[in-house]
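Everything on this sheet refers to the single structure shown next.
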Amino acid sequence: MEKTTIDHDDYLLKKSIFRIGEVSSVDGREVSVRVDQEKNRSHILYRGELLSNVSVGGYVKLIKGFNSLIGKIEKEYIKEDKSTSQSPEYTQAEERFVRFLSVKMLGYFSGDKYRKGIKELPLIGNECILLDAEEYQKIHSFAHEDESTIRLGALMTDERVSIDVSVDRLFASHIGIFGNTGSGKSHTLATLYKNLFRKFGDQKAFQKNARFILFDFNGEYANVTTITPLKKVYNLSTKSDQADRIQLSSEDILTPEIFFILASATEKTQQPFIKRMLRLYQYVHSQPNPTEYTQRILKVLLKRMCRMTDSQNGALILDYMKAILENEKNEGNEKNEEDNFNDIKWNTKDKYFYYQSDGSAWEYFTDEKQGVVEKTSFYKAIEKYKENGNFIDRAIKFLYIQLIKDLIENRAQNEHVAPAINKLKSLRNEFSKVFSIPTNVGNTNLWEEGKPLAVINMSKVSVSMKKLIPLLLSYKYYQEHKNKKSDVVTSSLNIIIDEAHNILSYDSTRESQDWKDFRLETFEEIIKEGRKFGVFLTIASQRPSDISATIISQLHNYLIHRLINNRDLEMVEKAIAYLDKISIESLPILPAGACVLSGIIADLPLILQVDRLSEEEQPESQTIALTESWLDKSTEEGEQTTEEEGDPTMEDKDHTMAEEDLTTADASSTDPDDLPF
């Protein structure tokens, strides 16, 4: 009986001390609280602890019967109390003005657990009280007891409150990390994944079932110790033949959608042409001897061309034949008679092609006269035709073969189709420096055994390839996960894109509209449908306003560092409906390393200070210390010596001078006619 009395008394004492005031109005989620006159002090003394009193940005508890509702204070203001203003002589000036708090409702306590959302709203007259230390810790605890967690950092306003988040709810989601340069977003990205690998990296199941691919535009994560040593780094370059190459299979490139992108193909003319070429390529390469079959096709096309009566298309076809055969006209460096490719000529008067070589008598290409075509340098070069080891070169030759057939059959116009081939030719050199497509399909896995993270370092890659590489690889591995989907998803793929505005921008003017649409549609599909197949996206960017609004709005969790540009702030405010006013207003003034955490992982928006990585674990994105590169080494050493402990030489000199003074003082001082396409 005595203990019950003490507990009750303790409850009443705590309630009286922690009470702030009572609800005076309710307008949806906006609640006004009238503060008691005696609770206007900045701190409260409770059991020997000095606690911060109510303030803007703080949290309060509204008691409605047996329910505890939680809100966040967004602003405070004062009103004049009309009842006291009628008799000013009997009241003090401070009693005439009443303090009010504007509170935004966020959640409630269900037993001992904090829950996000509005279960019910308070009533006028309900008490408003401060949270104690235990309740304050509970509303900042975002994981259940049975969930694996990792630490991100600490609450910015109270470093004693650790911010630990659920691994399942964070990494099985799409994450957005935004912030101006120098605000710490690269550091936050590295911290997220470093902590994940630190917790699960040594698990065999993790190494087998988890896959991560990080697209690094500036080479910030290529360092051996950044994030984790369990990674394979691809240092790509379009300037050197000695850099790393990513292995792909021919099937990866022969996908129509991917080939359309490589050739920047238009929908109504070039794409149908490319589809015909791909069918031809796949049919030829399904034959026992693809090279011999290709030679038969070329011989038939040459014979059909020689009987043409259209000089313009005929000349084009001869040029394309030269492009196909120029490397096969001789196998060595010696000059042969077929090297010149000019023994097929046009009779302008009678309008037909004829054969003549080195001033010899000319001969007609007629059905009655057999064997003339076989004399030409083109025919002889066809007999020497071999497939080039470079896949893009092979693909370009088959595009020419298809174009020759279409021109003979009047199925396509050269000016409509040729640009797609030229685009692919311009891409050939850079593509072959970054990708390797072996003839014999081997292991094209991006990841090494035991290393679930692949870092694609594109710091020495051209702008056009920087857009192509992430699209090609993301599309490839997303489709693989999509095609092998089972009832229970056991393997996951996290696609991490740093400086995401480089490839997810809707306003880019460096590419065709079709290219841009396919690029954005690919990533938009990943972010909308990827979760079903175990594919998740993490993007980091300095300019969220440059990124597709669809992508921004479909993110699940946000870590937002300092943003200053108004377009960026507006984009964030529109995309994240549950971000409160205080968090939005604090974005321009956040210090380096601090960010607003919001999304499905956090029951309420909060500002946290991300844990600092050790120097060897940090991404290589630090701001250069200009003065260290501007000062001469001797000058630095001289200043350091003077600023630290003082110059001992000077001390000795001063000491000697003092002695001399004393002494002086003493002394006075890549067919037959029934072709299969």
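The values are calculated or read from the model by the stated rules, or taken from the named source; none is laboratory data. Please read these numbers as outputs of a predicted model, since none were measured by experiment. Neighbour counts are summed over all protein chains in view; Cβ atoms, including those assigned to glycine, are modelled from backbone coordinates with ideal geometry. For accessibility, only protein heavy atoms count, side chains too; no ligands or nucleic acids. Shrake-Rupley method; radii C 1.70, N 1.55, O 1.52, S 1.80 Å.
What to note about this one:
- Under the criterion of Cα pairs below 8 Å and six or more residues apart, the relative contact order for region 131-227 equals 20 percent.
- For Asp252, Asp319, Asp568, the ranking by accessible surface with the largest value first comes to Asp319, Asp252, Asp568, using a 1.4 Å probe.
- Gain on full extension, evaluated as 0.36 nm per residue between Asn429 and Arg279 minus their Cα-Cα distance, stands at 51.5 nm.
- Amide H partners (placed H, <5 Å) of Ile163, local residues excluded: Leu152, Gly153, Ala154, Leu155
- Per-residue HN-Hα couplings for region 412-423 [Karplus 6.51, -1.76, 1.60; θ = phi - 60°; Hz; x = Gly/Pro]: 8, 9, 4, 5, 7, 9, 3, x, 5, 5, 5, 4
- When you count the other C-beta atoms within 10 angstrom of each residue and take the mean per peptide, 119-126, 419-426, 584-591 line up highest first as 419-426, 584-591, 119-126.
- Three semi-axes describe the equivalent ellipsoid of region 161-232; taken as square roots of 5 times the Cα gyration tensor eigenvalues and ordered largest first, they are 20, 17, 12 Å.
- Cross-link pairs beyond the 30 Å C-alpha cut-off, checked among Lys119/Lys574; Lys116/Lys467; Lys268/Lys482; Lys484/Lys574; Lys138/Lys484: Lys116/Lys467; Lys484/Lys574; Lys138/Lys484
- Measuring only protein heavy atoms, the 1.4 Å probe finds Met156 accessible over about 80 Å².
- Rounded to the nearest 10 square angstrom, His416 shows an accessible area of 90 square angstrom against a 1.4 Å probe.
- Between Thr157 and Glu521, full extension at 0.36 nm per residue minus the direct alpha carbon distance yields a gain of 126.9 nm.
- In this label model, Glu363 and Glu257 are separated by 5.3 nm, measuring between points 7 Å along each Cα→Cβ vector.
- Average 1/r across all pairs of distinct alpha carbons in region 110-201, invert it, and you get the Kirkwood radius: 15.9 Å.
- Amide hydrogen neighbours beyond the local backbone of Gly182, cut-off 5 Å, H modeled: none
- To the nearest 10, the accessible area of Glu620 is 110 Å² with a 1.4 Å probe.
- Cut-off under 5 Å, modelled amide H: who pairs with Leu214 long-range: Ala454, Val455, Ile456, Ile496
- Equivalent ellipsoid, region 104-164 (semi-axes from 5 times Cα gyration tensor eigenvalues, Å): 25, 15, 10
- Vicinal HN-Hα couplings computed from phi for region 180-185 (Karplus, 6.51 cos²θ - 1.76 cosθ + 1.60; Hz; Gly/Pro x): 5, 4, x, 8, x, 5
- For region 183-258 and region 541-606, distance of Cα centres in Å: 26
- Sites Glu616 and Lys208 - FRET efficiency at Förster radius 30 Å, r taken between beta-carbons, to 0.05: 0.60
- For region 496-618, the equivalent ellipsoid built from the Cα gyration tensor has semi-axes of 25, 17, 16 Å, listed from largest to smallest.
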